[in-house]
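These notes are about the structure you will find just below.
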Amino acid sequence: MVTTVHQGLFGTGHLVKTTDLSLGPAACQQSALNAAANRVIFQMGLHECGSVLQMTPDSTNLFYNPSPENNSIILRTNPAVIPIECCYL
């Protein structure tokens, strides 16, 4: 499974830190970063990171858990869970 996430995840013009993103219940970290395109890439087996095989399409979640910034006055503190549906091609 390859999941590519744009760091401008929320469309606010601000990029999220790559360390604030994880995939699945096992909180797998990124496999690669395309800094030029502001893309975070997760690449792992379909049933890794805590994903569970289901009779319906497989799914997992992308987790955004913001960490505090040392020099920021404004801080987004709300975590987010983004569902990801996986399918075989």
| Karplus 3J(HN,Hα) series, Hz, for segment 25-38 with 6.51 cos²θ - 1.76 cosθ + 1.60 (x for Gly, Pro) | x, 7, 6, 5, 8, 4, 9, 7, 9, 9, 5, 5, 9, 6
| Using modelled amide H (1.01 Å from N, peptide plane; none on Pro or chain starts), what sits under 5 Å from the amide H of residue 61, excluding residues fewer than 5 places away? | 24, 84
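Every number in this text was worked out from the coordinates using simple rules, so none of it is lab data. If you're wondering where the values come from, they're calculated on a predicted model, not measured in any experiment.
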